[in-house]
Each structure stands twice: as structure tokens, then as C-alpha cells.
Amino acid sequence: MRGAETRASLPALFDLTGQRALVTGAASGLGLAIAEALLDAGAEVVLSDSNAQALDAEVQRLRQTHAQVQQRVIDVSDGAEVDRHIDAIAAEGPIDCVFANAGMSAGRGFLVEPGRLENVDPAAWERVLQVNLTGVLATLRASARHMKPRQQGRIIVTSSIAGMRSEANSGYAYVASKAAVNNLVRQAAIELAPFNILVNAIAPGPFATGINGGRLRLPESAERMRIYIPLGRIAEPREIQGLALLLASPASSYMTGAIIPIDGGASAR
Ligand SMILES: NC(=O)c1ccc[n+]([C@@H]2O[C@H](COP(=O)([O-])OP(=O)(O)OC[C@H]3O[C@@H](n4cnc5c(N)ncnc54)[C@H](O)[C@@H]3O)[C@@H](O)[C@H]2O)c1
């Protein structure tokens, strides 16, 4: 049966040896943690980011322990640039898995004055949508184009629980972009299912990363967020790795169109 994995041993279910992956927004935070998990599982990984300096620093560090690391400076808000790079990666060999992870904050939510509806800045709104929504579309489109002829592939989008319901701590453009991304994922999952291309989203709650100037890394943020999170704490970036590996590996062969929260229970309230 096409798409069904033959019975694999438990370690083989999570083994990515021989696979090639691309991660966008991989110079920091969740993207970097995802790239490290894929490398540890045996994949060859292309880390990409718009921040060339940070990307190079992380890739040089990873090269000390992993041979199969490459880097590409890609700004996902530029669709032509995304096409060009993904075409070039595909020309070097098949792309098995793509994490459309790059994203940006839209600042604080409506609990503070600058985050209120009347203060939404049109230019900032456009920029957030360009990166968080149009950037994901560009990455998805270019990846699918190369995966379709092979009749296989995995595309995993980093969304947010802020796309599943209202989120008082996040800016308007952010919640709107992530909600749109969730339906983009569902729509693409249905179109691409006949091609055995699986499209899923990870929907994180608060993780201590560099997003929004590293605000979530501050002790006062951790303290403030604690009351919203049943597990009572903000997550560390490495805690994304298990879910990322599941979605990239043979273990998730029957999953597509899923938006999976990883949020310490926050969205269950
Ligand atoms: N940290 C959280 O609490 C949280 C929660 C929910 C969702 N997310 C999502 O996780 C993803 C990763 O964010 P993070 O928390 O690791 O933040 P981060 O700031 O640590 O990492 C984001 C990376 O994306 C890169 N980037 C930004 N704009 C880009 C662009 N136009 N093109 C290419 N790269 C770009 C940045 O340079 C950075 O290296 C984002 O999509 C974010 O919305 C994060």
C-alpha cells in the first residue's frame, strides 16, 4: 500500500538516516532545536535563516559534532528567494522534509496600550503577515513542487496556540497570521495527500526563545505566564524536539492535516 511503512523496529520508526531536511528560521530557538534533533536522528540538514551572522555561528558550532550540516541565508518573506534556494537544494538531492518554522512576533497583546486594536500599525501588520503567512506559503509551495514527482515528503509548519483561540498576550497580526497558517496547513494537507506528502503543524505555547527580543526568557515573563499554564512553567526549546522528530519520521506515517499543541496544557483550559 502506497505510503504505509513496512513494519519497523521501534528505533527505526524515528531514524532519519539518509534523509535530507531543510529548516527555516534555524539560527535560533525552536528552529535550531529542531535542526539539532534531525541531525541527531541521522538526517542531513540545511539550516536556513535571514540572520546570516547568527546562522553561521550556529552552523560552525554544529559542524564540530555533525558532518551533515549545511547553511543557506534565506529570507522567507521573499518568495523568489525561497524558490531559488529550494530549487538549488533539490538540485543537490531529494528533499524529504521541510520545517517552515521562521516567524516573528507582532509585539505585545491588548493587555498593554500599544497592543490594542486602535494601535495596530498597518506597516507592522503587513510585515508580520508577509513573514508568518506568506513566508510559510512560499516555503510550502516550493517544497511541494519538488516532493510531488517523488510521491513523498513531509512539511511541518511552526504555528502557535495563538492561532487556535484568542491570546491576550500576543499582537493582532501574530494571532491572525497563525490562525491563517493553520488553515493553510489543512488545505495543503488535503491537496497533497494523494501525493503522499504529509503536512502538519506544531502549535507551541510559550517557549523561552529569542522571539520578541527574548521577552519570554525574562524571569518576570516566566512568572506572569505561569498562571496561564497548567504545567506551571515556560518550555525550553529542546522540549520541541520529540514532536518535531515524530512528525519528520516514519513514526507519523498516518498523520496529516493535524495542528498539534505543545503547550503545557494551556489550550486545554
Ligand atoms: N517561542 C514561543 O513561545 C513560540 C510560541 C508559538 C510559536 N512560536 C513560533 O516558533 C517559530 C520560531 O520562533 P522562536 O520562538 O524560535 O523565535 P526565535 O526568534 O528564537 O527564532 C526565529 C528565527 O527566525 C528567523 N527569522 C525571522 N524572520 C525571518 C525571515 N523573514 N526569514 C527567515 N528567517 C527569519 C530569526 O532570525 C530567528 O533566527 C516562529 O514561527 C514562532 O512564531 C514560538
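The values are calculated or read from the model by the stated rules, or taken from the named source; none is laboratory data. A quick note: this is a predicted structure, and the numbers were derived from the prediction, not measured. Backbone-built Cβ (ideal geometry, glycine too); neighbour counts: all protein chains shown. The protein model used for the area step is the full one, side chains on, heavy atoms only, and it has no ligands, DNA or RNA in it. Shrake-Rupley method; radii C 1.70, N 1.55, O 1.52, S 1.80 Å.
Largest first, what is the accessible-area ranking of GLU239, GLU220 with a 1.4 Å probe? Can you show the working numbers first?
Working: GLU239 70, GLU220 110 Å².
So the residues, ranked largest to smallest area, are GLU220, GLU239.
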Subject >> Ranked packing of 172-178, 224-230, most packed first, by mean Cβ within 10 Å >> reply: 172-178, 224-230
Original post:
So, with +1 on the Cβ of K and R and -1 on the Cβ of D and E, and no other charges, what is the size of the charge dipole of the stretch 12-268 about its Cα centre, to the nearest 20 debye?
Top reply: 380 debye
Original post:
Considering only DSSP beta bridges with both partners in the chain, what is the antiparallel share in %, to the nearest 5?
Top reply: 5 percent
Subject >> Packing-based order for 107-120, 26-39, 241-254, using average beta carbon neighbours within 10 Å, highest first >> reply: 26-39, 241-254, 107-120
Original post:
With springs only between Cα atoms under 10 Å, which of ALA123, ALA90, ALA179 fluctuates most in a Gaussian network model of the chain?
Top reply: ALA123
Original post:
In whole Å, how far is the Cα centre of the stretch 88-138 from that of the stretch 207-248?
Top reply: 18 Å
Subject >> Degrees, to the nearest 10: 79-92 long Cα axis against longest axis of the chain >> reply: 30 degrees
**OP:** Using the heavy atoms of the protein chains and a 1.4 angstrom probe, tell me the accessible area per residue for the chain in square angstrom.
**Re:** 46 Å²
Original post:
Carbon and sulfur: what percent of the stretch 77-202's accessible surface (1.4 Å probe)?
Top reply: 57 percent
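Go ahead and estimate [θ] at 222 nm for the chain from helices alone: -39,500 (n - 2.57) per DSSP H run with n ≥ 4, summed, over the residue count, rounded to 500. Can you show the working numbers first?
On the way: 10 runs with 104 residues, N = 269.
Computed mean residue ellipticity for the chain: -11500 deg cm²/dmol.
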Original post:
Once both axes come from the Cα atoms, what is the angle between helix 135-147 and the longest principal axis of the chain, in degrees from 0 to 90, rounded to 10?
Top reply: 10 degrees
